[in-house]
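Colleague: Here it is: the structure, laid out below.
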Amino acid sequence: MKARLIHYGRLLLSSLILFIAVITVLFFLLELAPGDPIQTLVGDVPLSEAFRAQITAAYGLDKPVWERYVLYLGNVFTGNLGFSFGTNNEPVLDLILSRAGNTLALAVPAFLISTIGGIILGSIAARTRRRWLDGGISGGAVALFSVPNFWFGMLLIMVFSIWLGWFPTQGKSPYGQPGIGLEYLVLPVITMATSELAYKTRIMRSSMIESLGQDFVDTARSKGLSSSHVLWRHALPNALLPMVTVSGYSLGYILAGSVLVERVFGWPGMGLLFIDAINRQNNMVILGVVIVLTVVIILVNILTDVVYGLVDPRLRAQFSPQRTLPPEGRQDRQSDEVAA
Amino acid sequence: MRTPQKRTTGLLAVLAAGALALTACTGGTAGGGNGAEGGERVYVQAIADDPMGLNAQLISGATPSMFSAQILDPLIFLSQDYEMTPGLAESWELSDDGLDLTLVLREGVTWHDGEPFTAEDVAFNFEEIVPLQSFGAQIGERLDSAEVVDEHTVVLHLTEPFGPLLETVASQFMVPKHIYEGTDYVTNQANMEPIGTGPMVFDSYSSGEQVTLAANPDYWGGEVQVDRAVYPIMTDPNARAEALFAGEVDQASVDVSQQDRVSDDPNTLLLEESNFPQLVTVMFNAQSEYLEDPAVRAAVFAALDREAIVDTALSGIGTPANGFFPEALEWAVSPNVDFSQDFPRDVDAINEALDEAGFERGADGMRFTLNVRYINELSDVAATVEMAQSMLEEVGIGIEMQGTSGAVFTEKVYTESEFDLAFLRSTVGADPSIGIVRWYECNDQKAAAANPSGLCDPEIDAAAAEALATSVQADRGVALTALQDRAAEMMYYAPLAWFNGAFPTINTTRWQGQDEPTPMTNRMPWTTMTMEG
């Protein structure tokens, strides 16, 4: 038990360091970026000195960059992500929260479809004796995984919105109406889910093949259990273990990937907010979106770790007093993923 | 061994159920919203970006300016033909010495929140808000006082005459004193939710989705014929075009490459007259080692085939520039400048001039290579630069195309002077002294959106100052003529084409009379347009 606490303590500490590093690097990178945010805000016209003075004072831009950095970092830890740089002074956190629901409306279905679909397709591919079926699923997975999702999205728009006219091209509901229309949800969710589905299918297939080759499966078969019972009740739970890790990362990928998918479908989520902010040099919003994504990804990784520890009996054994080896390799890989 | 496995499945099931509940829930709201339109006259105009404010007194991008033009009123209306008509001021009179402008205000006008509009509001605007505005700053520098004579009369006392005074006053939207006084002007909530006196009232804004306006039932200028206007934010130009051609939106800005389709479709029409003329220009860095000599600059300019640019890069919209000022500004156009005479595209003569200037062709047939900057998002300008590449190659000049974002363009061209040629689309604006002259006069402060050549020509600066210091139009015309004549000799900034192809396009299926001229640029004819059926 103590070993496990030490493990989680280390995980939390490294996450915290990572979090601060992300903010620091990005803050100073944005400071170094070319262009004058005030001029960008005003547009391609001369800037009146009086306006520059007022907005500089209103946003504290006259303070030295170190002071602003320290202030900002302090604010972040109290939950204040600053204010959107504009003439409306909207809190960044409010802005992000107002968009987060729209992004989740895409990400959660995409996550579920890709996870459940990946488990089913991967298991079928691993088990089937029909070569063409395995070849079709595995080959299709490689192809779809290699396709950039924004391009795939444009392709879907062309075929299903413009040629066939089945789904709308853009937006999340008819103009001037609140909420999310289901027909608007279809194409972006498919776009988001596709490459993750392909990836998870591949992982699931190899994990299932491995699982099916193990002794306990033979034991189950020799007990006379039906082959589907062996597959779904004995082999599957074991083959699912790698999926816990993969699914944890995949949520991060889906959220980060929403930037491109939302741009293609004009979906007003966090991704579109992020792109707008980059175009306008709205640095506080850029930082805010990255911080929210970083926190979500870190939390998901911690959660994945906890869940993994709970479901994998071998890990529980590792944490027992006899053996106290933390799973070093896996931890390193997680940090890489977050940084990427 | 089975317990943890069961736990995983259970966890997954809970996750799944939760997510399904979430999607089902959001799906449900859309179903409820579908029937909301019955009988309401709704105008739909797609906008290209999520506005960071709707008050054009502070930020001047295309989207804030468009919204301000529907919600707020200026004192004087100025049309795209430069005609002045009464706005919030019923009449105005400038004293002979050009120092006192008396404005008599319309009576019975109220702000959208019901407060009366008075001379106090006008005085507050000129003292506090106008100096923050790009061009209003020039009035601010010269304003001695804004005197409230009575509830409906204001006199602006200036310290010196200001040539484009009325045009600049006409470019200022009035905002309410009772909302802004004593607040931080740049972060006031009313910048996003403006309260004005115009035909449309701000209704709602939803970040990333849309802005909605409603009719002003008490509009002083007549009865508004639209109940609601919805402005969905559609950042993708292709999506805007498709929505417009499909009739899903009544108005949208579409890419210039779509304009052939616009002219083929009987239901769509480019609103070429909706704003002050725009122009595509070329700017020279006179400090570049290749472009120091005015003769070389003139040769480069002559090598750019302006007719071909209009025909191909600009899809045949607009006219090739034949002088520095547009013809709509008749009183200011120099009769001595004629680009087709002064800078003809005579390849032999251009080659000769470049040889004479000491830039003979090298072994590879090229004389030198220029670093060309432009803004990627301006697709019309990008197309112009692509054509310029082959035109210049013909006379032995290579170009390296450096298309970037607007922010990088601003920094590289204006601040760091790291360019040889720059191409841009800009607007003529309300008056040559505020819209055009800044591209010619000395800019040693390296301000953005002004002459980036590094040249300060005393003759041009003198002419510019003269045009600013008098309010007599004939005298201003003489000064501006001198400026253009000298600009032709120096050649460091010149228009290639007058081009209004970036203006919005309308679909006329649902609404009639959208293209009626209005007394003020950028404003829709809300009181006269009618819905079909």
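The values are calculated or read from the model by the stated rules, or taken from the named source; none is laboratory data. Since we're looking at a predicted model, the values are computed, not measured. Note that each Cβ is placed from the backbone with ideal geometry, even for glycine, and that neighbours are counted across all protein chains shown. We work out accessible area using only protein heavy atoms, side chains counted, and drop any ligands, DNA or RNA first. Shrake-Rupley method; radii C 1.70, N 1.55, O 1.52, S 1.80 Å.
Colleague: With runs of 4+ DSSP H residues as the only contributors, calculate the mean residue ellipticity of chain A at 222 nm using -39,500 (n - 2.57) per run, divided by the residue total and rounded to the nearest 500. Each step should come with its number before you reach the end.
Modeller: Values: 15 runs with 246 residues, N = 340.
So the calculated ellipticity at 222 nm is -24000 deg cm²/dmol.
Colleague: Taking Cα pairs under 8 Å and at least six residues apart, what relative contact order does chain B come out at, in percent? Spell out each step's value before the answer.
Modeller: Values: 1036 pairs, mean separation 102.2, N = 533.
Computed value for chain B: 19 percent relative contact order.
Colleague: If DNA, RNA and ligands are ignored and the probe is 1.4 Å, what is the ranking of B:D96, A:D44 by accessible area, most exposed first? Before the final figure, lay out each step's value.
Modeller: Numbers: B:D96 165, A:D44 65 Å².
So the residues, ranked largest to smallest area, are B:D96, A:D44.
Colleague: Residue-wise, which Karplus ³J(HN,Hα) couplings in Hz belong to segment A:61-73, taking 6.51 cos²θ - 1.76 cosθ + 1.60, θ = phi - 60°, and x for glycine or proline?
Modeller: Computed from phi, the couplings for segment A:61-73 are 6, 7, 6, x, 4, 4, 5, 5, 5, 5, 4, 4, 4 Hz.
Colleague: Additional query: With θ set to phi - 60°, apply the Karplus curve 6.51 cos²θ - 1.76 cosθ + 1.60 along segment B:388-395 and write out the HN-Hα couplings as whole Hz, x wherever there is a Gly or Pro.
Modeller: 4, 4, 6, 5, 6, 4, 4, 9
Colleague: Between B and A, buried accessible area summed over both sides at probe 1.4 Å, in Å² to the nearest 100?
Modeller: On the way: alone 23010 and 18440 Å², together 36250 Å².
Approximately 5200 Å² gets buried when B meets A.
Colleague: If you don't mind, there's one more thing I want to ask. Which ³J(HN,Hα) values in Hz, rounded to whole numbers, follow from the phi angles of segment B:334-339 under the Karplus curve 6.51 cos²θ - 1.76 cosθ + 1.60, where θ = phi - 60° and Gly and Pro get x?
Modeller: After applying 6.51 cos²θ - 1.76 cosθ + 1.60, I find 6, x, 8, 9, 9, 4 Hz.
Colleague: Turning to a different aspect of this structure: Quick one: go through segment A:93-129 and flag any residue whose amide nitrogen is under 20 Å from the point 7 Å out along the Cα-to-Cβ line of A:V159.
Modeller: A:110, A:113-114, A:117-118, A:121
Colleague: So if the hydrodynamic radius of chain B is defined as the Kirkwood radius over C-alpha pairs, what does Stokes-Einstein give as its diffusion coefficient at 20 °C and 1.002 mPa s, in µm² per second? Please report the intermediate quantities before stating the final value.
Modeller: Numbers: Rh = 25.6 Å.
So the translational diffusion coefficient is about 84 µm²/s.
Colleague: At a Förster radius of 25 Å, what calculated FRET efficiency corresponds to the Cβ-Cβ distance of A:E67 and A:T24, to the nearest 0.05?
Modeller: The pair A:E67/A:T24 has a calculated efficiency of 0.95.
Colleague: Find the accessible area per residue for segment A:93-318; the probe is 1.4 Å, ligands and nucleic acids are left out, and the unit is Å².
Modeller: On the way: 9510 Å² over 226 residues.
Each residue of segment A:93-318 exposes 42 Å² on average to a 1.4 Å probe.
Colleague: Distance from the Cα centre of segment B:231-285 to that of segment A:56-96, in angstrom?
Modeller: Segment B:231-285 and segment A:56-96 have Cα centres spaced 37 Å from each other.
Colleague: At 7 Å along Cα-to-Cβ for each site, give me the label-to-label distance between A:V295 and A:K223 in nm.
Modeller: 4.7 nm
Colleague: Right, here's the next one. Within segment B:465-502, name every residue whose backbone N is under 16 Å away from a label modeled 7 Å from Cα of B:C456 along the Cβ vector.
Modeller: From segment B:465-502, the list is B:465.
Colleague: Please compute the net charge surrounding B:A382, taking Lys and Arg as +1 and Asp and Glu as -1 over other residues with Cβ under 15 Å from its Cβ. List each step's numbers first, then the result.
Modeller: Numbers: positive: B:R373, B:R425; negative: B:D255, B:E377, B:D380, B:E386, B:E400.
Cβ neighbours under 15 Å give a net charge of -3.
Colleague: If you don't mind, there's one more thing I want to ask. Please check segment A:248-276 for residues whose accessible area, probe 1.4 Å, is lower by 50 Å² or more when all protein chains are in place than in their chain alone.
Modeller: The answer is A:R263.
Colleague: Rounded to the nearest 0.05, what FRET efficiency do A:F145 and A:R10 give with R0 = 35 Å and r taken as the Cβ-Cβ distance? Could you check?
Modeller: Values: r = 33 Å, r/R0 = 0.94.
The pair A:F145/A:R10 has a calculated efficiency of 0.60.
Colleague: Quick check: pseudo-label points 7 Å beyond the Cα along Cα→Cβ at A:W132 and A:F216, how many nm apart are they?
Modeller: Modelled inter-label distance: 3.6 nm.
Colleague: Got a sec? Which residues in segment B:222-247 would a label at B:L269 touch, if it sits 7 Å along Cα→Cβ and we count backbone N under 18 Å?
Modeller: B:225-226, B:244-247
Colleague: Another question, if that's okay. Work through the residues other than B:E209 whose Cβ is under 9 Å from its Cβ and net out their charges, Lys, Arg +1 and Asp, Glu -1. Please report the intermediate quantities before stating the final value.
Modeller: Details: positive: A:K172; negative: B:D50.
Charge balance near B:E209 sits at 0.
Colleague: In Å and whole numbers, how far do the C-alpha atoms of the protein assembly as shown stretch along each principal axis, longest first?
Modeller: Largest first, the protein assembly as shown extends 109, 76, 59 Å along its Cα principal axes.
Colleague: Across the protein assembly as shown, how many lysine pairs separated by 8 or more positions, or lying on different chains, have Cα atoms within less than 24 Å?
Modeller: On the way: A:K63/B:K446; A:K200/B:K6; A:K223/B:K6; B:K412/B:K446.
Step by step, the pairs that qualify in the protein assembly as shown add up to 4.
Colleague: Based on the Cβ-Cβ distance of B:D255 and B:H178, what FRET efficiency does E = 1/(1 + (r/R0)^6) give at R0 = 51 Å, to the nearest 0.05?
Modeller: Details: r = 43 Å, r/R0 = 0.84.
With a Förster radius of 51 Å, E is 0.75.
Colleague: Still on this structure: Could you tell me how many cubic angstrom of Cα convex hull volume segment A:24-80 has per residue?
Modeller: Details: hull volume 5.4 nm³, N = 57.
Hull volume normalised by residue count: 95 Å³.
Colleague: Could you list which residues have their amide H under 5 Å from that of B:A494, counting only those 5 or more apart in sequence or on another chain, with H placed in the peptide plane?
Modeller: B:V282
Colleague: Mean shadow of segment A:93-318, computed from the convex hull of its alpha carbons, in nm²?
Modeller: Details: hull surface 61.2 nm².
The number I arrive at for segment A:93-318 is 15.3 nm².
Colleague: Next question. Give, as a single signed number, the net charge of other residues whose beta carbon lies under 13 Å from the beta carbon of B:A308, with Lys and Arg counted +1 and Asp and Glu -1.
Modeller: Values: positive: B:R306, B:R345; negative: B:D305, B:E307, B:D311, B:E386, B:E394.
My count for the surroundings of B:A308 gives -3.
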